[in-house]
Amino acid sequence: MSRWERTHTALRNAALELFLTHGYDATSTARIAEHAGVSEMTLFRHFPAKDALLLDDPFDPLMAEAVRGRPPGEPPLRALAGGIDESWREIDSAEVERLRTVLSIVVATPTLQGAIERNSARTTEALADALIDRGAAEPDAHVAAAAVIAGLSRALLRWAGDPSGDPDAAVRGALRVLGGPQAC
């Protein structure tokens, strides 16, 4: 792991710990930087805003790339569901648990709603672009991506609120409803 990656991870972990302990709104970026052992300027080199410490994740590029790699001619909803299912399998259990924690913070923090909407819009756009790259018509790509992100978001929020919930079942259940591959 490079120095950049170590610092990035330390900042994400420090932020999550402080958000859980003190709440998102009560935690300053200066406090996060101090807790991670770096300057606030370094924090902002890694993350453009405080909300990015929570919402920055490796999932979007993985999902978009998996969608691009789906079989030619596959309908947009099936390509999205299959690509998301493939990429979900690549995410390690520590990141899945981090996602549960992040979602619980998001649900408890009304001031994050705008950031969540912007993040969902970026994810939707990335997936729509992946479909367009595969030859899907632009309106179809955007509608399919929006539908899948809405369904997946709802399933993940329900899972995050259920301590005994199975994340794989939540994701695959949402994808199955949305017309995903039979393997879901």
Subject >> Test for GLY69: is it at pLDDT below 95, under 29 Å from LEU175 (Cβ atoms) and loosely packed, with under 15 Cβ neighbours inside 10 Å >> reply: no
Original post:
For residues in segment 113-125 being modelled with pLDDT of 95 or more and crowded, with 18+ Cβ neighbours inside 10 Å, which is nearest to the chain's Cα centre (by Cα)?
Top reply: THR123
Subject >> Failed condition for SER104, given (1) in contact (Cβ under 8 Å) with a residue 12 or more places away in the chain; (2) more than 26 Å from ASN13 (Cα to Cα) >> reply: (2)
Original post:
Residues in segment 87-97: is at least one within 28 Å of ALA136 (Cβ to Cβ), surrounded by 20 or more Cβ atoms within 10 Å (Cβ to Cβ), among the hydrophobic types (A, V, I, L, M, F, W, C) and assigned by TED's automatic domain parsing to the domain that holds ALA130?
Top reply: yes
Original post:
Does segment 107-124 hold any residues that are under 19 Å from PRO61 (Cα atoms) and without any contact (Cβ under 8 Å) to a residue 12 or more places away in the chain, and which are they?
Top reply: GLU117, ARG118, ALA121
Subject >> Yes/no for ALA81 being at pLDDT 95 or above, assigned by TED's automatic domain parsing to the domain that holds ASP129, part of a helix (DSSP H, G or I) and surrounded by 14 or more Cβ atoms within 10 Å (Cβ to Cβ) >> reply: no
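The values are calculated or read from the model by the stated rules, or taken from the named source; none is laboratory data. All values derive from a computational prediction rather than experimental measurement. Ideal geometry is used to build each Cβ from the backbone, glycine not excepted, and the neighbour counts take in all protein chains shown.
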